[in-house]
1. Checking the conditions here, which among ALA50, ALA77 is in contact (Cβ under 8 Å) with a residue 12 or more places away in the chain and under 18 Å from ASP13 (Cα atoms)?
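The values are calculated or read from the model by the stated rules, or taken from the named source; none is laboratory data. If you're wondering where the values come from, they're calculated on a predicted model, not measured in any experiment. Heads up, the Cβs are rebuilt from the backbone with ideal geometry, glycines too, and the neighbour counts pull from every protein chain shown.
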Amino acid sequence: MKRLGVTIDYSEDFAVAASDVQEFERVGADVVAVAEAYSFDAVSRLGYLAAVTRTITLTSAILPIYSRTPTLLAMTAAGLDSISGGRFEL
């Protein structure tokens, strides 16, 4: 199965990026990945995207495991999956 996806840069203006993701979804993109590095956490951004999109799959491009226990990572994934209506992929 082939899917068309985009990655949101962790250092760009997120308001603009979120608007872009809505447009990507409108024109048929299947998946959007959000990275986390030394600026903002990916989970907050993924939660926001879950609220402003309807069909696009949400995934984490980089989600450091050294700053989260396995249990916390599982709870985070479950929470994002729940609020996105089953659209989150870890």
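1. Working: ALA77 fails: under 18 Å from ASP13 (Cα atoms).
None of the other options fit; the residue is ALA50.
Residue-wise test of (1) modelled with pLDDT of 95 or more; (2) of a type in the set (S, T, N, Q).
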site: ASP13; (1), (2): no, no
site: ALA29; (1), (2): yes, no
site: THR69; (1), (2): no, yes
site: LEU73; (1), (2): no, no
site: LEU80; (1), (2): yes, no
